[in-house]
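Peer 1: One structure, as structure tokens, below. Some questions next.
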Amino acid sequence: MIENCYIHIPFCNKICNYCDFCKVYANDELIKKYLKALSYEIDTYYTNDILNTIYIGGGTPSSLEKEELDYLFSILNNLKKAEECEFTFECNLNDIDEFLLSYLKDKGVNRLSIGVESFNKSILKVLGREYDFDTKSKIELSKKYFSNINIDLIYGIKGQTLDDLKNDLNKFIELDVKHISIYSLILEDHTILKINNYEEIDEDLNREMYDYICKFLKENNYNHYEISNFSKEGYESNHNLNYWNNGKYYGFGLGASGYIDDIRYTNTRSITKYINNKYRYIMENITEKIDMENFMILGLRKTQGVSNTEFKKRYNKNIQDVFDVSKLEIKKDCYYINENNLYISNYILQDFIDI
């Protein structure tokens, strides 16, 4: 049974300088064709599972006009939702207004994810996310309709100082939202920053920034439950936890990934192929060996780590009999990465590949 679903809306009114997600400029005719293809994909692959989480991401889902949103939500009405379904919708600050918020609430959305990124105008300029409005007022308006809100912070931008980061964090805390996701700026191929030969920040300063963020958010009552994610008690992202628990999920839309029936798949990134109903691009059969690796690699992103009981229930083996766990800590039933080593977790996680 599949209990989680991601749906990708690739359209944006503006392409950010750092973004490597699957996206295209918004175009009314193309959006209509895309949503028709999305409807067909869902009809083809969705098997009436009751969903505990739905996540509408992008791109910029909030860039759709009302008629387009109506079409999208008419498609989503075919999905069966659990009574307590966590239903997330990604929003751009530019799009937030009374109409959109009221509309989403009426359609059953109960969680927003908003890309604030920074309050610093020079940083926003580097990222290509300049605003001409007050960010705080947009978040306060959103809180009138939604109690469960995530905001994104991007740090590690060339020229950014630790004091700049501290100023951003103080303003993020003032917003008093339930969830904060943090991302160090990564230079991805085919992005505007990469094409313009942007230089990455010094690694030592990047590490200092990460450590400061973790310490600061914990001091302000945010639980650091995953490498890049912090929440108030009870507001962890259930959708993302399913990924980190190596759970199955549907992925619908351009470039979306999914995990169903022991197959991990990734959809085409070609909008032309997608609107012609040619969805799947990569399909990988997941053997038990690969699944065990994924269980560890994904699960060790969580600060509580991975449960040996859950591992044994799934594979009828103990973790320590399959993997070298010498670099891990253990508490009760769980193996985990020491908090001081989370920043270099990728080096530790490499040990769980090709067992």
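The values are calculated or read from the model by the stated rules, or taken from the named source; none is laboratory data. The structure presented is a predicted model; accordingly, all values stated were derived computationally and were not measured. FYI the Cβ positions are ideal-geometry reconstructions off the backbone, even for glycines, and counts take in every protein chain you see.
Peer 1: Across the range 128-145, which residue is nearest to Tyr198 (Cα to Cα) among those that are touching a strand residue (DSSP E or B) at 6+ places or on another chain (Cβ under 7 Å) and surrounded by fewer than 21 Cβ atoms within 10 Å (Cβ to Cβ)?
Peer 2: Here the answer is Thr135.
Peer 1: Still on this model: Just to verify a result, which residue in the range 101-134, among those that are assigned to a helix (DSSP H, G or I) and in contact with a helix residue (DSSP H, G or I) (Cβ under 6 Å, 6 or more places away or on another chain), is farthest from Cys16 (Cα to Cα)?
Peer 2: Among them, the one singled out is Lys105.
Peer 1: When you scan the range 200-218, do you find a residue that is closer than 30 Å to Lys105 by Cα, of a type outside the set (D, E, K, R) and modelled with pLDDT of 95 or more, even just one?
Peer 2: Yes: one or more hits.
Peer 1: When the residues of the range 93-118 are filtered to those that are more than 19 Å from the chain's Cα centre (by Cα) and free of Cβ contacts under 8 Å to residues at least 40 places away in the same chain, which remaining residue is nearest to Leu185 (Cα to Cα)?
Peer 2: Within the range 93-118, the match that is nearest to Leu185 (Cα to Cα) is Asp95.
Peer 1: Still on this structure, please answer the following. Of (1) in contact with a strand residue (DSSP E or B) (Cβ under 8 Å, 6 or more places away or on another chain); (2) under 16 Å from Gly108 (Cα atoms), Leu64 satisfies all except one. Which?
Peer 2: (2)
Peer 1: Residues that are within 19 Å of Asn92 (Cα to Cα), in contact (Cβ under 8 Å) with a residue 24 or more places away in the chain, in the same structural domain as Ser237 (by TED's automatic domain parsing) and among the aliphatic types (A, V, I, L, M): does the range 183-203 have at least one?
Peer 2: Yes, because at least one residue in the range 183-203 is within 19 Å of Asn92 (Cα to Cα), in contact (Cβ under 8 Å) with a residue 24 or more places away in the chain, in the same structural domain as Ser237 (by TED's automatic domain parsing) and among the aliphatic types (A, V, I, L, M).
Peer 1: Return the only residue of Leu342, Leu300, Leu254 being modelled with pLDDT under 95 and crowded, with 20+ Cβ neighbours inside 10 Å. Before you say what the answer is, go through the steps one by one.
Peer 2: Numbers: Leu300 fails: modelled with pLDDT under 95; Leu254 fails: modelled with pLDDT under 95.
The conditions single out Leu342.
Peer 1: Further question: Give the residues of the range 146-166 that are touching a Phe, Trp or Tyr at 6+ places or on another chain (Cβ under 7 Å), part of a helix (DSSP H, G or I) and surrounded by fewer than 22 Cβ atoms within 10 Å (Cβ to Cβ), sorted by residue number.
Peer 2: Leu162
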